[in-house]
Amino acid sequence: MQHIIDRFISYVIIDTESDSSSETTPSTKKQWDLANKLVEELKTIGMKEATIDKKAYIMATLPSNVDHDVPTIGFVSHFDTTPDFTGANVKPQIISNYDGKDIVLNAEQNIILSPKYFKDLLQYKGQTLITTDGTTLLGADDKAGITEIMTAMEFLVKNPEIKHGKIRVGFTPDEEIGRGAHHFDVEKFGCDWAYTMDGSQVGELEYENFNAAGAKITFKGKSVHPGYAKGKMINSMLIANDFINELPKGETPQETKGYEGFFHVHNLTGSIEETVLELIIRDHSKKKFAKRKELIEKITKKFNKKFAKQFGEDIVIAEIKDQYYNMKEKVLPVKHIVDIAENAMKQLGIKPIIKPIRGGTDGCQLSYKGLPCPNIFAGGHNFHGKYEYVPVESIQKAIDVIVKIAELTALPNVIKEKQKAK
């Protein structure tokens, strides 16, 4: 277990925060610090064909050790962390034999990780937790996934008696800003299918996700001395506020669950002259997703019509960009790849939790690029913030699932199931 802890901590203490405002890949230079470490570590543990390209995409191979024809499978995780919360100077804390009570993350700032609020904690009583110190995120999303893939591959290299087919490993930058698969070379990866290790609690197995778009809405205004502003001033911040109030009530992340979509306002900056609103649009249904985007355009036109005479041009400019789509339609035709993962969990005594992802992974885009790619749990909780934590036992269970999937796909009948599905 200490080996897992040491490996995970060696990853999370390296700041790899991505930046959506950057146009480079990776979006931040500091992602190279971990990327270069990972490719060397893959070589050290005995992986073959370990490469890193000019955009920091990492790939490596574990050659097959069986004589019969079996599918080539892959495991993928991302090494960047979200820009939603700082990932600089991460100081992990190890909580051994968790007693089920409040965990003081930071006494000075009175930051408490409490099971009264985060009830999932109680599942891990008696286990070893890795938490933050309350001032940063942890980075289990998705450095837990990298730890699991790396450790599973190391285990298979050291235990050649465990039979497996050819396995490919892929580590990506910039997943947190929606670009993780943009430059992923599916043809070079050369897999029949893959799995992202990027889910949360033990047992999660997902092959449905949101259709996703991002919207940047710019509001224009006119600044006039407030003492002489009657009929002249146009305050762009107030227009932005009115725009937000036009969105459907109750359709926010904190008020929805399951298959319910939402609008999520995540950034608002402005002045009288100009305000920029950024929001994301999510829905599992392709039809409802389209209607959500249409609603943004409808509200935009309404405001522009209202202020046309006073402002003289469009006062609201909306830019909407699709980010990724529901992988379900790409995975269902090869549903046996989900069944294999489910069977692996059951054989290990893990109860599969098959549910839609209320978000996305690299696997969403990879599935549309021709690499069907369901998502498997990585074990962390409370991603993207200071309350993030991961049980070490959950990391170990994810490692076991990877190894078991490798074993199951090496069975002679798996190739027949794949052909039958086609």
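Here is how the numbers come out for the structure above:
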| quantity | calculated |
| --- | --- |
| Compactness of the range 142-181, expressed as Rg and Dmax over alpha-carbon positions, Å | 12.9, 40 |
| For the range 96-148, the spread of Cα positions along each principal axis, largest first, Å | 30, 25, 19 |
| Taking only Cα atoms of the range 302-356, radius of gyration then Dmax in Å | 23.9, 69 |
| Coil-residue trypsin sites (Lys or Arg not before Pro) of the range 43-80, DSSP, other Cβ within 10 Å capped at 10 | Lys54 |
| Per-q log10 I(q)/I(0), the range 1-142, q = 0.10, 0.17, 0.21 Å⁻¹ (Debye; single scatterer per alpha-carbon; no solvent) | -0.47, -1.04, -1.27 |
| Among the listed pairs Lys163/Lys335; Lys286/Lys351; Lys143/Lys397; Lys249/Lys288; Lys351/Lys404, those beyond 21 Å (Cα-Cα) | Lys163/Lys335; Lys286/Lys351 |
| Per-q log10 I(q)/I(0), the range 166-246, q = 0.11, 0.18 Å⁻¹ (Debye; single scatterer per alpha-carbon; no solvent) | -0.60, -0.94 |
| Hull volume in cubic angstrom per residue (convex hull over the Cα atoms of the range 229-370) | 133 Å³ |
| Quarter of the Cα convex hull surface for the range 351-405, i.e. its orientation-mean projected area (nm²) | 4.8 nm² |
| Taking the convex hull of Cα positions in the range 1-76, its mean projected area over all directions (nm²) | 6.9 nm² |
| Calculated P(r) of the range 89-245 - Cα pairs past 21 Å, % | 69 percent |
| Coordinate range along principal axes, alpha carbons of the range 316-422, Å, largest first | 60, 38, 17 |
| Surface/4 estimate of mean projected area, convex hull on alpha-carbon atoms of the range 79-126, nm² | 4.7 nm² |
| Ratio Rg/Rh, restricted to the chain and using Cα atoms, in which Rh is the Kirkwood radius | 1.02 |
| Helical mean residue ellipticity (222 nm; -39500 (n - 2.57) per DSSP H run of 4+; nearest 500) of the chain | -10000 deg cm²/dmol |
| Loop GluC sites (Glu not before Pro), the range 32-114, which have at most 12 other Cβ atoms in a 10 Å radius of their Cβ (DSSP) | Glu108 |
| Shape of the range 216-262, Cα gyration tensor, a/c cut at 1.5 | prolate |
| Hz values of 3J(HN,Hα) by residue in the range 314-326 - Karplus curve (6.51, -1.76, 1.60), Gly and Pro given as x | 4, 8, 10, 10, 10, 10, 10, 10, 5, 10, 6, 10, 5 |
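Read the figures in this text as sums done on the coordinates, not as results from a lab. Please read all numbers here as calculations on a predicted model, not as lab measurements. Here Cβ is always computed from backbone atoms with ideal geometry, including for glycine, and neighbour counts include all displayed protein chains.
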